Amino acid sequence: MAHLKLASVLAEPFLPELCPVTDAIRTLADAGVDERGAIFTRREVADFVLDLIGYTVDKPLHKMRLLEPSFGDGDFLLPAVERLVEAWRRAGAPADAMRDAIRAVELHGRSYERTHQAVQRALSSAGISEREAEDIADVWLLQGDYLLTPFNGAFDAVIGNPPYVRQESIPDTLIAEYRRRFSTIFDRADLYVPFIERSLTLLKKGGQLGFICADRWMKNRYGGPLRGMVARSYHLKTYVDMVGTDAFHAEVVAYPAITIIAKEPGNVTRLAYRPKIEKRYLAALSAALNADAAPAPDSDVKEMTGIANGSEPWVLDTSAQLALVRRLERDFPTIEEARCRVGIGVATGADQAFIGPIDALDVEDSRKLPLVMTRDIERGSVEWRGLGVVNPFGDNGKLVDLATYPKLRRYLEDHRDQIAGRHVAQKAPANWYRTIDRIYPELTYQPKLLIPDIKGGAHIVYEKGCFYPHHNLYFITSRDWDLQALQTVLMSGIARLFVAAYSTKMRGGFLRFQAQYLRRIRLPHWDDVPAPIKARLVACAEIKDEAACNAAVYALYGMTEAEIAALKES
């Protein structure tokens, strides 16, 4: 019978038995699959990762140390145990020689029990006595929170599939403790981010981490501190894009990737994309990724240098599109340096209260604004459905005095339960009626380009200055650029080119046209655009001739035939 070690882990001096953090851990130890972010990996993929980090039976594995941070039902741990036992048998060493070879952690109680028993069976089938098999399994397996569990010594390898859990699903006391310990928990970083940080810090010199997990940290804002950590002290050896592959036993929303990161200097990364999940193919691919010789031009393996560049997003693409992005980045300023502003519409936190048919919003006329939403621009132009948003801000940027606006005060009081219950209202009760984002009324009357958050391709709509944007819409305004000319430029494929390079894809291949990615678009200063090209861009916006529009954009950027082909492919 497995001996659960949660109590002993929690009893460490730095984590008292009776405290809110301990209570939160106990709650998670009994959580279901969704709550604890458990995703189960196929055996072929686990073997592939073990091959990539060199955890193979021709090595003295009983003299090495392997760590599995979240072993679940043993998808990675049990194949590793099989390899370790085979290497141990070949070496003819005593069973006790394996006692320090593995440390593996699992928080969930029932998963710990099942896998402990499976490990015992694997050891017993190798000829180890039942008592010694149980004793070794007790040493190897720990039940507890990996991020809070103490370890003695460093490891040659860390493997696995860390849990994918959003911060809002973690008790406040626990996330506060994580933040105190791990510098990479930034913004809305998911739980796998500190898992990667801690795993890297536990590597020996020359040790390797091999994880399959969501790829969002490689490009998103919240991944910046972790990317910086990798760039400073580690080597991104291998990246394998697993998008669209059957890597798991269930479909996942986040796009996965395999990363091999070593504690060693290095600037060259081997890459592979969407491999077949088939044993022989993956074995051949791992050999090619680990080969000493450079990959052949027709190989499924590619090489790139300098991917880890400070905290900058990782661009993991060897295509002609990337070459075009890099050339435009070299030759042109960013869209905001070209005096265009990128922003996002208003988030209220209580749309049912703040938003409604504008004529039905019973507030003073100066306290409501016409609102444009994603559904209003689905057909490529603004087809307003008549909605408005209540505006509690004055022209000075401060909340208005409700005593001055009796209709607004009555309306807000009628909806007080919805409005005052929001987190932003509870943080500042005196300002309970503010929207999450401040409203700038003057934006309503500025011409702007509107861009929905999630789309397969760039959907960019010109709005002449009649509406305030909702928070699912990003907007671009400019003091210099003719906005209809800019719409022509962005619709040509330029917007999608940059967003595709820096954004993580969503299920179905959709991209997120968020401000952080839109700001990476390169654009010449309007004053630097030759007058004939200005005239062509403006004229094209009016006639909507796609071929003429694209030709004008190619001339604007001085594109070669190869670059034009790359943009068309994008």
Rounded accessible area of Arg89 (nearest 10 Å², 1.4 Å probe): 140
Two-decimal ratio, the range 274-325, of alpha-carbon radius of gyration to 2.2 N^0.38 Å: 1.36
When the accessible area of the chain is computed with all protein chains present and a 1.4 Å probe, what percentage of it is carbon and sulfur? 50
For the chain, what class follows from the C-alpha gyration tensor (a ≥ b ≥ c being the square roots of its eigenvalues): rounded when a/c is under 1.5, otherwise prolate if a/b is larger than b/c, else oblate? oblate
Per DSSP, loop GluC sites (Glu not before Pro) in the range 314-359 with at most 16 further Cβ within 10 Å: Glu337
So which of Lys204/Lys279; Lys219/Lys544; Lys59/Lys204; Lys63/Lys205; Lys204/Lys276 end up more than 23 Å apart, counting from Cα to Cα? Lys204/Lys279; Lys219/Lys544; Lys204/Lys276
Would you mind checking the tilt of helix 192-201 against the longest principal axis of the Cα atoms of the chain, expressed as 0 to 90 degrees and rounded to 10? 50
Once you have the alpha carbon radius of gyration of the range 122-236, what is it after dividing by 2.2 N^0.38 Å, with N set to its residue count? 1.24
Trypsin sites (Lys or Arg not before Pro) in the range 259-330 lying in a DSSP loop, each with at most 15 other Cβ atoms within 10 Å of its Cβ, come to Lys276
Percent antiparallel among DSSP beta bridges (both partners in the chain, rounded to 5): 65
For the Ser319, Asn431 Cβ pair and Förster radius 51 Å, calculated FRET efficiency rounded to 0.05 is 0.55
Going through the range 150-191, which trypsin sites (Lys or Arg not before Pro) have at most 13 other Cβ atoms within 10 Å and a DSSP loop state? Arg166, Arg188
Mind ordering 553-560, 219-226 by average Cβ neighbours within 10 Å, highest first? 219-226, 553-560
FRET efficiency, Asn396 to Glu337 (Cβ-Cβ, R0 22 Å, nearest 0.05): 0.15
Starting from the Cα of Arg379, move 7 Å in the Cα-to-Cβ direction to define the label point; list residues of the range 538-552 whose amide nitrogen is under 18 Å from there. 544
Accessible heavy-atom area order of Thr334, Thr318, Thr41, highest first, probe of 1.4 Å: Thr318, Thr334, Thr41
If each residue of separation counts as 0.36 nm, what is the full-extension length gain between Asp292 and Ser169 once their alpha-carbon separation is subtracted? 39.9 nm
Using 7 Å Cα-to-Cβ label points, what is the Ser125/Ala360 separation (nm, one decimal)? 6.5
Where does the chain land at 222 nm, in deg cm²/dmol rounded to the nearest 500, when only DSSP H runs of n ≥ 4 count, each adding -39500 (n - 2.57), divided by all residues? -10000 deg cm²/dmol
Glu264/Glu442 FRET efficiency (R0 56 Å; Cβ-Cβ; nearest 0.05): 0.55
Expressed as a whole number of Å, what is the distance separating the alpha-carbon centroids of the range 280-331 and the range 375-444? 48
So how many Lys-Lys pairs in the range 343-463 land under 22 Å Cα to Cα, not counting same-chain pairs under 8 apart? 5
Dipole magnitude of the chain, debye to nearest 20 (Cβ charges: Lys/Arg +1, Asp/Glu -1, about Cα centre): 720
Asp362, Asp73, Asp190, reordered so the largest accessible area comes first (probe 1.4 Å): Asp362, Asp73, Asp190
Find the accessible area per residue for the chain; the probe is 1.4 Å, ligands and nucleic acids are left out, and the unit is Å². 44
If I ignore ligands, DNA and RNA and count only protein heavy atoms, how much of Ile344 is accessible to a 1.4 Å probe, in Å² to the nearest 10? 80
Along the positive direction of the dipole of the chain (beta-carbon charges: Lys, Arg +1; Asp, Glu -1; about the Cα centre), which of Val553, Leu141, Pro256 reaches farthest? Val553
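The values are calculated or read from the model by the stated rules, or taken from the named source; none is laboratory data. Because the structure is a prediction, the values reported are computed rather than measured. Cβ: placed from backbone, ideal geometry, glycine included. Neighbour counts: every protein chain shown. Calculation scope for accessible area: heavy atoms of the full protein, side chains included, ligands and nucleic acids excluded. Shrake-Rupley method; radii C 1.70, N 1.55, O 1.52, S 1.80 Å.
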